[in-house]
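Novice: Just dropping this structure here.
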Amino acid sequence: VGAELPLSLSLSRCRGSLRGFADGPQTHFGFQRVTEEERREKINQVFDSVAKKYDVMNDSMTLGIHRLWKDALVRKMNPSPGTLLLDVAGGTGDIAFRFINYVRSVRERQLQQRLKHHQNLSWQEIAESYQEDKSPLGGSQVVVCDINKEMLNIGKEKAQNLGYSEGLSWVLGNAEELPFDDDKFDVYTIAFGIRNVTRMDLALQEAYRVLKPGGRFLCLEFSRVTNPLLSRLYDLYSFQVIPVLGQVIAGDWKAYQYLVESIRRFPPQEELKAIIEDAGFFKVDYQNLSSGIVAIHSGFKP
Amino acid sequence: VRWQLCPPQRPLQASAVLRRVSDEHKKEPLASSSQQQFNSQPADHQPEQEPQGPDPSYTGQDGQESEDYESEEQLQHRILTAALEFVPEHGWTAEAIAEGAKTLGLSAAAAGMFQSDGSQLILHFVSQCNTKLSELLEHEQKLVQQGEAEKKPTDQFLRDAVEARLRMVIPYIEKWPQALSILLLPHNIPSSLSLLSSMIDDIWHYAGDQSTDINWYTRRAVLTGIYNTTELVMMQDSSPDFEDTWRFLENRVADAMKMGDTANQV
């Protein structure tokens, strides 16, 4: 029996590879094996179906903690007024709105400082200062790029409801093939999106391409939990509770099953760091949030 | 601002292949140059690591060194040196670093490479000043050895060394109190203390101190005290060319000498 088993395994592997050769390169969708085309199609369907309830599900699955994670990302970015941000897989606009808020408050403080400084200026200099740029965002812009039209629509609606209009653009695009020129952006972020990209290396190459020299790459993503006890609880919660919530709130068990499986499939912190370094970024480091449930990876273009 | 929707000129696969091929070409010379770099790195690493201080996140070691690019540390050095120019206006903050990065043609986001409280900028400046001081003292020592200058008495020597070092701070004096307060933050104390002690050690070395007993410690402790108090006096000194500060320094050094003599007599 021991001798037979390896033989049958190798036979099925042959069969599998023959099939794969006919359909295209094999990859994974959660715990299933699919071709790359199938994967893209399936992920598109996932997001088409969850788009309307995306934010509600985020809140209920993470008990609202995802807001803190996103706040941490923008705080780490520490953008100054005049920064151009590209938020890929930015769908419903969470990062973009936080960026705008942050830049607005920094800009307010800057203008206040300038007012204080005004007390020592001559009349000539004060008159000149009236010509200066006093815009509330100081020239900062954010471009939200997503591959899924439904998610972008939800994002645009949210922007209208919350009153964000200035400095915001919405573009339909694929992270593996961005519709932008080289050396354009100061910061590139991808929050909870890189997991869904089929060819991560291409996405990272594109990120490298569109960033200016000195530009920063930031990636917020689920990662490996370091604490073993927490890991057990987390697994339990992921596989037992989340798909149920998905069925009850969004009416889609399978999409959330995919979500938790894709989290398990995603490379851990050190591996992702190596992959980012391979794409050409330097000074790559990561910061664990919530003991490794989520990690922020950061890299710079030399 | 208009975003150009330009489809890639070449098909994506071809460009990816081209990039991979060029990467492979890059990798071979890299392998040999990185070997050499690695051998010379450790020598550079030590003085660089200290000013960095403890990092809460995990940093990569050598980073990408390709073609004629400099290493991470060299780039960071250049950015911080460029940023010093903007300190009088923005203070020791991430904004000054961002402005410095912009003058080098980098995006302002490069300031994210450093901690946001500006402590790395201050430590960089302090270590630069210390290096300048060492070079100055070594130059003077050479002159004495060649017989072109006279050997100064100890108190004069100490006074001149401390004055020379403190004068380097004068261009930034308005923002220096901010810098001092940041250097005193708990997570910066190891680095700032080590820079301070190595500077004091340097001064005593060039002053000709060869003690091997308790004097080694007392002399350095006393000079550290003199330096720190003089620095504080300089912060709120408004006399022309800081005359009051130098007079204060003279008196303190004289006190220290007197104490040393009395201790010897006893």
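Novice: Which angle between 0 and 90 degrees, to the nearest 10, do you get for helix A:253-265 versus the longest principal axis of chain A when only C-alpha atoms count?
Specialist: Compared with the principal axis, the helix lies near 90 degrees.
Novice: While we're looking at this one, here's another question. Can you tell me, using C-alpha contacts under 8 Å and at least 6 residues apart, the relative contact order of region B:122-264 as a whole percent?
Specialist: Computed value for region B:122-264: 30 percent relative contact order.
Novice: Additional query: Report ³J(HN,Hα) in whole Hz for each residue of region B:110-126, in order, from the Karplus equation J = 6.51 cos²θ - 1.76 cosθ + 1.60 where θ = phi - 60°; Gly and Pro get x.
Specialist: Couplings: 4, 4, x, 5, 10, 5, 6, 8, x, 5, 5, 5, 5, 4, 4, 4, 4 Hz.
Novice: Over the heavy atoms of A:THR198, what accessible area does a 1.4 Å probe trace out, to the nearest 10 Å²?
Specialist: Counting only protein heavy atoms, the figure is 20 Å².
Novice: Turning to a different aspect of this structure: In terms of the Cα gyration tensor, with a ≥ b ≥ c the square roots of its eigenvalues, is region A:259-302 rounded because a/c is under 1.5, prolate because a/b exceeds b/c, or oblate?
Specialist: oblate
Novice: Quick one: order B:ILE214, A:ILE126 from most to least accessible surface, probe 1.4 Å.
Specialist: Ranked list, largest accessible area first: B:ILE214, A:ILE126.
Novice: So what's the net charge close to B:ASP209: Lys and Arg +1, Asp and Glu -1, counting the other residues with Cβ under 11 Å from its Cβ?
Specialist: 0
Novice: Now a separate question. Please list, in order along region A:153-163, the HN-Hα scalar couplings obtained from phi with the Karplus expression 6.51 cos²θ - 1.76 cosθ + 1.60 (θ = phi - 60°), rounded to whole Hz, x for Gly and Pro.
Specialist: Per residue, the Karplus-derived 3J(HN,Hα) values read 4, 4, x, 5, 4, 4, 4, 5, 5, 8, x Hz.
Novice: Going from most exposed to least, what order do A:ILE154, B:ILE200, A:ILE275 have by accessible area with a 1.4 Å probe?
Specialist: In descending accessible area the options line up as A:ILE275, A:ILE154, B:ILE200.
Novice: What whole-number volume per residue, in cubic angstrom, does the convex hull of the C-alpha atoms of region A:215-302 give?
Specialist: In region A:215-302, the Cα convex hull volume per residue is 100 Å³.
Novice: Can you list the residues, at least 5 places off or on another chain, whose amide H is less than 5 Å from the amide H of B:GLN115, using H built in the peptide plane?
Specialist: For B:GLN115, the qualifying residues are B:GLN120.
Novice: In µm²/s, what is D for region B:72-116 at 20 °C and 1.002 mPa s, where D = kT/(6 pi eta Rh) by Stokes-Einstein and Rh is the Kirkwood radius from Cα pairs?
Specialist: 217
Novice: Express in Å², to the nearest 10, the accessible area of B:VAL222 obtained by rolling a 1.4 Å probe over the protein heavy atoms while all chains stay in place.
Specialist: B:VAL222 exposes around 60 Å² with every protein chain in place.
Novice: Counting each DSSP H run of 4 or more residues in chain A as -39500 (n - 2.57), what helix-only mean residue ellipticity at 222 nm follows after dividing by all residues, to the nearest 500 deg cm²/dmol?
Specialist: Rounded to the nearest 500, it is -15500 deg cm²/dmol.
Novice: Moving on. Ignoring ligands, DNA and RNA, please state the percent of accessible area on region B:122-264 from carbon and sulfur, probe 1.4 Å.
Specialist: 55
Novice: For B:ASP244, B:ASP237, give me the order by solvent-accessible area with a 1.4 Å probe, most accessible first, ignoring ligands, DNA and RNA.
Specialist: Of B:ASP244, B:ASP237, the descending order of accessible area is B:ASP244, B:ASP237.
Novice: Keeping all protein chains in the complex and leaving out DNA, RNA and ligands, what accessible area do you get for A:TYR256 with a 1.4 Å probe, in Å² to the nearest 10?
Specialist: 10
Novice: Here is a further query. Hand me the tally of lysine pairs in region A:42-91: alpha carbons under 26 angstrom apart, and the pair either on different chains or 8 or more positions apart.
Specialist: Counting lysine pairs in region A:42-91 gives 4.
Novice: Return the whole-Å distance between the Cα centroid of region A:177-211 and the Cα centroid of region B:238-266.
Specialist: 62
Novice: Residue by residue, what Karplus-based ³J(HN,Hα) values in Hz, rounded to whole numbers, does region A:244-251 have, using 6.51, -1.76 and 1.60 with θ = phi - 60° and x for Gly and Pro?
Specialist: These are the phi-based 3J(HN,Hα) values: 5, 4, x, 5, 6, 8, 9, x Hz.
Novice: Given labels modelled 7 Å from the Cα in the Cβ direction, how far is it in nm from B:GLN236 to B:THR103?
Specialist: Placing both labels 7 Å along Cα→Cβ, they lie 3.3 nm apart.
Novice: I want the local charge near B:LEU183. Using Cβ-Cβ distances under 13 Å, sum +1 for each Lys or Arg and -1 for each Asp or Glu among the other residues.
Specialist: Here the charged neighbours net out to -1.
Novice: Residues with beta-carbon under 12 Å from that of B:ALA83, excluding B:ALA83: net charge, scoring Lys, Arg +1 and Asp, Glu -1?
Specialist: My count for the surroundings of B:ALA83 gives -2.
Novice: If you don't mind, there's one more thing I want to ask. Looking only at other chains, what is the average number of their beta-carbon atoms within 10 angstrom of each beta-carbon in A:186-196?
Specialist: 1
Novice: Which translational diffusion coefficient, to the nearest whole µm²/s, is obtained for region A:43-189 from the Stokes-Einstein equation, given a Kirkwood hydrodynamic radius over C-alpha pairs, 10 °C and 1.306 mPa s?
Specialist: It comes out at roughly 93 µm²/s.
The values are calculated or read from the model by the stated rules, or taken from the named source; none is laboratory data. Computed from a predicted model, the values in this text were never measured in an experiment. Note: ideal-geometry Cβ built from the backbone for every residue, glycine included; neighbour counts use all protein chains shown. Side chains are part of the model used for accessible areas, which takes the heavy atoms of the whole protein and leaves out ligands, DNA and RNA. Shrake-Rupley method; radii C 1.70, N 1.55, O 1.52, S 1.80 Å.
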